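Visitor: My questions will all concern the structure given below.
The values are calculated or read from the model by the stated rules, or taken from the named source; none is laboratory data. Given the structure is predicted, the values throughout are model-derived calculations rather than measurements. Quick reminder, even Gly has a Cβ in these numbers, built from the backbone with ideal geometry, and neighbours come from all protein chains shown. Accessible surface areas use protein heavy atoms only, side chains included; no ligands, DNA or RNA. Shrake-Rupley method; radii C 1.70, N 1.55, O 1.52, S 1.80 Å.
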Amino acid sequence: MSFSVPESHPRYESLYLRHLIEEGYKNDITAAAGLIAHGRGECFDYLFDEITQDFAIKAQEAAVAALIMAKNPVLSVNGNIAALVPEQIVKLAELTNAQIEINLFYYSEKRVNAIYNKFKEAGAKEVLGLSKDLTALIPGIDHNRAKVDPRGILKADWVFVPLEDGDRTEALVKTGKKVITVDLNPLSRTAQTADITIANNIIRVMPEMIEIAQNFKKTNADLEGILKNYNNKEILSKAILKIIDNLKDKAAKL
Ligand code: PTJ
């Protein structure tokens with residue numbers, strides 16, 4: 001499918017992202033429900049003026065610090081992530097020595113293979129989570145998502161799970177793992193359960209996290225201090241208050 005919207009269109013970027021998600025769907029990468037999830041994300045992004053807010057920068061910095069310091073960091077990827085930001089995931093994995101593992105809510109071998117190929121094309125040296133490698137189980141999940149690769153999520157200490165549904169985050173936290181999520185909805189179960197919640201659009205998060213990782217390395221940043229001073233409840237509360245204040249401001253300006 002070609003994308004014919006002119007760059008001069010005021011909603012060009014948003015429409016282009018929809019196009020990527022649609023293409024993903026047509027190529028067996030994105031689940032049908034991924035289209036709905038994307039629309040929900042768009043709605044919350046409006047409430048944040050479609051820009052990275054201060055609380056998101058704080059969460060992104062803590063997330064990068066955690067991934068760099070982790071013993072076994074894993075970036076868990078699904079169909080929406082493969083459609084929107086495959087190259088940036090590969091880059092962040094390189095910078096943080098993390099593994100990339102496919103883990104799908106709407107599992108099918110066809111989708112796993114299409115997503116695997118997408119990450120290989122994006123330059124990934126290794127991608128875990130092929131169907132034949134899902135030989136371990138995360139307790140507390142009743143569906144396919146429980147199946148993981150013993151080299152990846154099973155032994156991970158920190159797991160990055162962007163655009164996630166809630167029950168796996170809870171199960172991962174229960175097994176003692178630390179979870180970083182990216183979710184524009186600060187009220188979602190995932191957002192409320194994760195150790196670090198980045199309420200920002202994945203399309204902005206990835207390049208910003210890459211830049212943060214590069215800067216942290218260059219400046220020898222105090223990663224332990226950054227992580228120690230991070231308070232996710234405070235960040236979530238700021239995200240929710242931002243929505244309230246923003247709506248009040250907009251209503252007052254009418
Ligand atoms: O590829 P699969 O089979 O693993 O399925 C992936 C989806 C996303 C369909 C599945 O995990 C799902 O149903 O997720 P949910 O429960 O809809 O949650 C996704 C969350 O991501 C929602 O709270 C959205 O607001 C949020 N979201 C959507 N797009 C973005 C986003 N957050 C950040 N950036 C986005 N671009």
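Visitor: Any residue that is buried (at least 19 other Cβ atoms within 10 Å of the Cβ), at pLDDT 95 or above and among the basic types (Lys, Arg) - is there at least one of those in the range 70-84?
Guide: Our first condition is that a residue be buried (at least 19 other Cβ atoms within 10 Å of the Cβ); within the range 70-84, this holds for 70, 73-84.
Now drop any that are not at pLDDT 95 or above, which leaves 70, 73-84.
Retained after the next criterion (residues that are among the basic types (Lys, Arg)): none.
No: zero hits.
Visitor: Out of (1) surrounded by 14 or more Cβ atoms within 10 Å (Cβ to Cβ); (2) within 16 Å of the ligand (Cβ to nearest atom), the odd one out for Asp142 is which?
Guide: Asp142 satisfies all of (1) surrounded by 14 or more Cβ atoms within 10 Å (Cβ to Cβ); (2) within 16 Å of the ligand (Cβ to nearest atom) except (1).
Visitor: Still on this model: Please determine, by comparing only the residues of the range 199-243 that are free of Cβ contacts under 8 Å to residues at least 12 places away in the same chain and not in a helix (DSSP H, G or I), which one is nearest to the chain's Cα centre (by Cα).
Guide: My answer is Asn231.
Visitor: Residues that are within 13 Å of the ligand (Cβ to nearest atom), open to solvent by 10 Å² or more (accessible area, probe 1.4 Å), part of a helix (DSSP H, G or I) and under 24 Å from Asp54 (Cβ atoms): does the range 186-196 have at least one?
Guide: yes
Visitor: Right, something else. Regarding the range 62-78, can at least one residue be identified that is over 27 Å from Val148 (Cα atoms) and not small (Gly, Ala, Ser)?
Guide: Within the range 62-78, the first condition is being over 27 Å from Val148 (Cα atoms), and the residues that meet it are none.
No: the range 62-78 contains no residue that is over 27 Å from Val148 (Cα atoms) and not small (Gly, Ala, Ser).
Visitor: Just to be sure before I move on: is Ile235 surrounded by fewer than 18 Cβ atoms within 10 Å (Cβ to Cβ) and farther than 22 Å from Lys91 by Cα in the structure I sent? Quick ask: steps written out before the conclusion?
Guide: Working: surrounded by fewer than 18 Cβ atoms within 10 Å (Cβ to Cβ): no; farther than 22 Å from Lys91 by Cα: yes.
The answer is no for Ile235.
Visitor: How many of the residues making up the range 41-80 are in a helix (DSSP H, G or I), near the ligand (Cβ under 8 Å from one of its atoms) and closer than 20 Å to Ile180 by Cα? First the steps, then the outcome.
Guide: First, the residues of the range 41-80 that are in a helix (DSSP H, G or I): 41-47, 54-69, 79-80.
So of that shortlist, the ones also near the ligand (Cβ under 8 Å from one of its atoms) come out as 41-45, 79-80.
After this cut, where a residue has to be closer than 20 Å to Ile180 by Cα as well, the list is 41, 44-45, 79-80.
Residues that pass the stated criteria total 5.
Visitor: Kindly provide the set of residues from the range 88-112 that are in contact (Cβ under 8 Å) with a residue 24 or more places away in the chain, assigned to a helix (DSSP H, G or I) and within 16 Å of the ligand (Cβ to nearest atom), ordered by number.
Guide: Residues satisfying the conditions are Gln88, Ile89, Leu92, Lys110, Arg111.
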